[in-house]
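Chemist: Shown below is the structure under consideration.
The values are calculated or read from the model by the stated rules, or taken from the named source; none is laboratory data. Just so it is clear, the model here is predicted, and its values are computed rather than measured. For neighbour counting, all protein chains shown are included, and Cβ atoms are generated from backbone atoms with ideal geometry for every residue, glycine included. Note: accessible area is taken over every heavy atom of the protein model, side chains too, but ligands, DNA and RNA are not part of it. Shrake-Rupley method; radii C 1.70, N 1.55, O 1.52, S 1.80 Å.
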Amino acid sequence: MHHELLVMLLADSRLPVAGHTQSGTVEAALAHGLTTHDVPAYLQTRLRSVTLVEAGTAVVARHVTRAGGRPDDVDRAWAARTPSPALRQASRGQGRALKHLAGKLWPEALVPLVGLAAPSRATVLGTVAGHLGLGPGSLARLIGYDDVQTVCSAVLKLAPLDPAVASGWVAAALPEVAALADQVADLTVPDRIPAVGCPQIEVWAEAHAVTSRRLFRA
Amino acid sequence: MLTSTERVGRTRIRVAADPDGGRCQVRTATTASDPTVAMLRPVVVHHDAAAARVSLVPEGALLLAGDAIEIDIAVDRGARLDLVEPGGTVAFDMRGARARWDVRIRVGAGAVLTWAGEPFVVAQGADVSRRLEARLDAGATLALSETLVLGRHGERAGRLRQSTVVTVAGLPLLVEDLPLDVTTVPGLLGGNRGLSSVLLAGQEVAEPSAPASHRYDLDAGGHLWRRMGAEVHESTLADVWGTVRQTVG
């Protein structure tokens, strides 16, 4: 299968992996004072912290599983870099949805994940991408792009906004997505996965996990 | 700044239980790359069979451009060390140069290290790399309290690269980098100046006494409490530290 088409498939929000339940914590951010004006900066903060960790994790999971290894250490490295239980839970929920879909489309892709009770989305996506033959750069760009689209499409549901403005934010963030991919594409070992934390996003994610007034799960 | 122009002040503390049940053994050493180096002098303030209490007393002006503070702490199997600081630390304007503050911790099985850190203030113009690497054997306990302040009152944030690696039995428990400066503080800290944290590794606080707010239960066990505030007193975790100290015993 053509790799570019596979990347399109995996990046498509119509893929049934519960992407519509995610806001990239922007719902909580907007509830706690972030304005739509701040969204481009918020995207950049994510791409340089939590999303960088996620992309690095996926790239290393891809590398390890393609070499015939198991991604347990990779998933553990991700968990140690994700102190917020709410963020871990959100990622594991998405990991479960992606595993469910991949189990139907590419069952052999999941072999390295056997024995991991609740792998992160990054670990699952990296493993699946490796099975499909996607390169590390494509994988990292996919994660960065998906994060940006997740936030921007969530903002459209939460705040009155011209959709073209949100698309403009996505387009403007693309160089930052490319930079993220360059930073992680060559990683091969768990210890080298970036560990940039974002205490503010963690605070928002935890607050969101316990509120009943929400549109998005995370 | 070139490494060769660094002034290295190294502090080593090692605590071991006495095999005959007497007072625990406390060995301390300091090494300076030149006589004018600022460093932390370990002062034993209490010392019995169960534990040692050591105060890290600054000697000379801390923390200035070119300062390289290295602190190596080892608490051997079954021993206990309580570290305190007589006051906070200010990293001053370094006018384009840098300083570093590296802590290496090793805690053996059944051993306990508590460290009640005082505020670490990164003044406008300061540029500090601050690393913590803690390796715990299975059954070891580490309780660590710290407060970071980005800029003194009315100042902009200085630059701080805070790097933390905590492992238990060789497996990562908490790995985090916080590249903090005037450009990243709005996004990473919501524009707050103060960031307080209490880490408890190797033990868990029993419910319901565990303070729930600001608490992150780590995936591999233990807890991190973290609180941000526009002013330092708004981010205090003093009550949490009290609970953690009780838990550790």
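Chemist: Determine if segment B:80-95 includes at least one residue that is small (Gly, Ala, Ser), in a strand (DSSP E or B) and at pLDDT 95 or above.
Modeler: For segment B:80-95, residues small (Gly, Ala, Ser), in a strand (DSSP E or B) and at pLDDT 95 or above: present.
Chemist: Quick check on this structure: which one of A:ALA61, A:ALA31, A:ALA102, A:ALA41 is free of Cβ contacts under 8 Å to residues at least 12 places away in the same chain and out of contact with any Lys or Arg (no Cβ under 7 Å at 6 or more places or on another chain)? Steps first, answer last, please.
Modeler: Details: A:ALA61 fails: free of Cβ contacts under 8 Å to residues at least 12 places away in the same chain; A:ALA31 fails: free of Cβ contacts under 8 Å to residues at least 12 places away in the same chain; A:ALA102 fails: free of Cβ contacts under 8 Å to residues at least 12 places away in the same chain.
Criteria check complete, one pass: A:ALA41.
Chemist: Could we say that A:THR51 is more than 9 Å from chain B (Cβ to nearest Cβ), in contact (Cβ under 8 Å) with a residue 12 or more places away in the chain and open to solvent by 10 Å² or more (accessible area, probe 1.4 Å) here? Quick ask: steps written out before the conclusion?
Modeler: On the way: more than 9 Å from chain B (Cβ to nearest Cβ): yes; in contact (Cβ under 8 Å) with a residue 12 or more places away in the chain: yes; open to solvent by 10 Å² or more (accessible area, probe 1.4 Å): no.
In short, no.
Chemist: On to the next question. Filter segment B:187-226 for residues that are in a strand (DSSP E or B), more than 8 Å from every other protein chain (Cβ to nearest Cβ) and surrounded by fewer than 21 Cβ atoms within 10 Å (Cβ to Cβ) and give the result.
Modeler: B:ARG215
Chemist: Continuing with the same structure: Please tell me if A:VAL155 is away from every other protein chain (no Cβ under 14 Å), part of a helix (DSSP H, G or I) and without any contact (Cβ under 8 Å) to a residue 60 or more places away in the chain. Can you show your working first?
Modeler: Working: away from every other protein chain (no Cβ under 14 Å): yes; part of a helix (DSSP H, G or I): yes; without any contact (Cβ under 8 Å) to a residue 60 or more places away in the chain: no.
In short, no.
Chemist: Checking A:ALA166 against (1) open to solvent by 10 Å² or more (accessible area, probe 1.4 Å); (2) in a helix (DSSP H, G or I); (3) more than 22 Å from B:GLY221 (Cα to Cα): exactly one of these is not met. Which one?
Modeler: All conditions pass for A:ALA166, except number (1).
Chemist: So, one more: Among the residues of segment A:182-207, which ones are buried (at least 21 other Cβ atoms within 10 Å of the Cβ) and away from every other protein chain (no Cβ under 11 Å)?
Modeler: Correct list: A:VAL184, A:LEU187.
Chemist: Can you name the residue in segment B:103-143 that is in a loop (DSSP other than H, G, I, E, B) and aliphatic (A, V, I, L, M) and is also farthest from B:VAL240 (Cα to Cα) among such residues?
Modeler: Of segment B:103-143, the ones in a loop (DSSP other than H, G, I, E, B) are B:108-111, B:117-119, B:123-126, B:137-140.
Within this subset, residues satisfying the condition of being aliphatic (A, V, I, L, M) are B:109, B:111, B:123, B:126, B:138, B:140.
On the way: B:ALA109: 25, B:ALA111: 21, B:ALA123: 27, B:ALA126: 30, B:ALA138: 24, B:ALA140: 20 Å.
Here the residue is B:ALA126.
Chemist: Out of B:LEU173, B:LEU218, B:LEU199, B:LEU188, report the one residue that is within 15 Å of the chain's Cα centre (by Cα) and hydrophobic (A, V, I, L, M, F, W, C).
Modeler: Within the list B:LEU173, B:LEU218, B:LEU199, B:LEU188, the selection yields B:LEU199.
Chemist: Which residues, taken from segment A:26-48, are in contact with a Leu (Cβ under 8 Å, 6 or more places away or on another chain) and within 12 Å of chain B (Cβ to nearest Cβ)? Before you say what the answer is, go through the steps one by one.
Modeler: Taking segment A:26-48 as the starting set, the residues that turn out to be in contact with a Leu (Cβ under 8 Å, 6 or more places away or on another chain) are A:26-27, A:30, A:36, A:42, A:45, A:47-48.
Matches in segment A:26-48: A:TYR42, A:THR45, A:LEU47, A:ARG48.
Chemist: Hey, another quick one. For the structure I just gave you, tell me whether A:GLY33 is at positive phi and surrounded by fewer than 24 Cβ atoms within 10 Å (Cβ to Cβ).
Modeler: yes
Chemist: Let me ask another. Taking the condition open to solvent by less than 40 Å² (accessible area, probe 1.4 Å) and not in a strand (DSSP E or B), does B:LEU56 pass? Please lay out each step first, then the result.
Modeler: Details: open to solvent by less than 40 Å² (accessible area, probe 1.4 Å): yes; not in a strand (DSSP E or B): no.
It is false that B:LEU56 is open to solvent by less than 40 Å² (accessible area, probe 1.4 Å) and not in a strand (DSSP E or B).
Chemist: Looking at segment A:85-127 only, could you name the residues that are part of a helix (DSSP H, G or I), more than 14 Å from A:GLY69 (Cα to Cα) and in contact with a Phe, Trp or Tyr (Cβ under 7 Å, 6 or more places away or on another chain)?
Modeler: Of everything in segment A:85-127, those that are part of a helix (DSSP H, G or I), more than 14 Å from A:GLY69 (Cα to Cα) and in contact with a Phe, Trp or Tyr (Cβ under 7 Å, 6 or more places away or on another chain) turn out to be A:PRO85, A:ALA122.
Chemist: Sticking with this structure for a sec: For segment A:1-28, give me each residue that is open to solvent by less than 60 Å² (accessible area, probe 1.4 Å) and either without any contact (Cβ under 8 Å) to a residue 12 or more places away in the chain or within 21 Å of A:SER212 (Cα to Cα) (or both).
Modeler: If the condition is that a residue be open to solvent by less than 60 Å² (accessible area, probe 1.4 Å) and either without any contact (Cβ under 8 Å) to a residue 12 or more places away in the chain or within 21 Å of A:SER212 (Cα to Cα) (or both), then A:ASP12, A:ALA18, A:GLY19, A:THR21, A:GLN22, A:SER23, A:GLY24, A:THR25, A:VAL26, A:GLU27, A:ALA28 are the ones that fit.
Chemist: Which residue, of B:THR183, B:THR164, is part of a strand (DSSP E or B) and out of contact with any Phe, Trp or Tyr (no Cβ under 8 Å at 6 or more places or on another chain)?
Modeler: Unique residue meeting the criteria: B:THR164.
Chemist: Out of B:VAL43, B:VAL37, I need the residue that is open to solvent by 40 Å² or more (accessible area, probe 1.4 Å) and over 15 Å from B:ASP102 (Cα atoms). Which one?
Modeler: Result: B:VAL43 is the single residue among B:VAL43, B:VAL37 that is open to solvent by 40 Å² or more (accessible area, probe 1.4 Å) and over 15 Å from B:ASP102 (Cα atoms).
Chemist: From the list B:ASP72, B:ASP102, B:ASP76, which one is open to solvent by 10 Å² or more (accessible area, probe 1.4 Å) and in contact with a Gly (Cβ under 6 Å, 6 or more places away or on another chain)?
Modeler: Every option except B:ASP76 fails the conditions.
Chemist: For segment B:162-186: of the residues being more than 30 Å from B:GLY139 (Cα to Cα) and open to solvent by 50 Å² or more (accessible area, probe 1.4 Å), which is farthest from the other protein chains (Cβ to nearest Cβ)?
Modeler: Residue satisfying both the conditions and the ranking: B:VAL182.
Chemist: Same structure, new question: Restricting attention to segment B:128-152, report how many residues are under 16 Å from B:LEU174 (Cβ atoms) and not charged (D, E, K, R). Give the steps one after another, and end with the answer.
Modeler: The first filter runs over segment B:128-152 and keeps only residues under 16 Å from B:LEU174 (Cβ atoms), leaving B:130-136, B:140-146, B:148.
Retained after the next criterion (residues that are not charged (D, E, K, R)): B:132, B:134, B:136, B:140-145, B:148.
Qualifying residue count for the region: 10.
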